[in-house]
Amino acid sequence: MSKTAKPKKSSTFGSRLTSVVSVALTLVVIGLLAQTGIVARRVTDDVRNKLTVTVQAKPGTNDININRLKRLIGSNPAVESYKFMSADMVLAQEVQFIGEEVMTLLDENPYSAEYEVHLKPSAADKDGVERFRAQMLKDADVEDVITDLTVVENVSRSFRNMALVLSVLGAVLLIISLVLITATVSLSIYSRRFLIRTMKLVGATPGFIRAPFVKAGLANGILSGLIASAILAGAQLYGIHSASWLAPMLSWADLGFVCAGIVVLGAIICPLAAWIAATRYLRRNYDALYRK
């Protein structure tokens, strides 16, 4: 009797191991997609933060109105930060680029005071910049609002395209993973299909029969999520140490959020797959039990 029990136990363990490993690898890929999306968002926000919108005051604007413009810009909810540059500071900056000989050609300072404004990432898209520009141009002391909308459009378009691609890949991967996990769980349940049949014959309810498989699926899903989290943590640690330029883009807090998400995802997908697989065998007649 002991000799016949060992292979069955070994087979059950091997089936569970296969299920856990396959689910963990699927969750790793989903986690990598999520990390890629977070990094892409961070890079996009960084580019948007560096976008400068220059608000030029009209020549001859007095200090009172310059300070009023400062308060107006500072109170705008779209503004992240700003820097004031007087007319003399703007001239000195231009001299550094053009050369000091330009001073001999000027009778007076042709530049006016200006503000270098950095908008919040949420407002640093085409619509947000145009909205801010329209608001500033309504002021009588504003000469012009200058920015490079081409950069804004390119950044916004790139992020939208990447977000769409990652969303589609994530959705497809979730569907594929559910199918694969269901198939994997089905293999583990297949060896116990006659036990399910026997339990039905003695009057066990479908919920009672499914419960052990769903509980095992929940345990496997959480275990798979923890294994996938460990792999992702190791991959991030390796990435930070092997490529220093990746360090600012990779956050342990973000990784913690992703790991929590894939553990929850594993705890949802695996019990669901077990429920589907068990239900499939519950609906089969005796003759159909001999077919996978």
For the stretch 81-90, in residue order, the Karplus 3J(HN,Hα) values (coefficients 6.51, -1.76, 1.60; θ = phi - 60°; whole Hz; Gly and Pro = x) are 7, 8, 9, 8, 10, 6, 4, 5, 5, 5
So what's the Cα pair-distance distribution over the stretch 181-280, bin width 10 Å, in %? 15, 34, 22, 15, 10, 4, 0
Row for the stretch 113-250, column shape: gyration tensor on C-alpha, a ≥ b ≥ c, rounded if a/c < 1.5 i.e. under 1.5, prolate if a/b over b/c, else oblate; value prolate
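A short reminder: the numbers here are calculations on the coordinates, not readings from a lab. The model shown is predicted, which means the values in this text are computed figures rather than measured ones.
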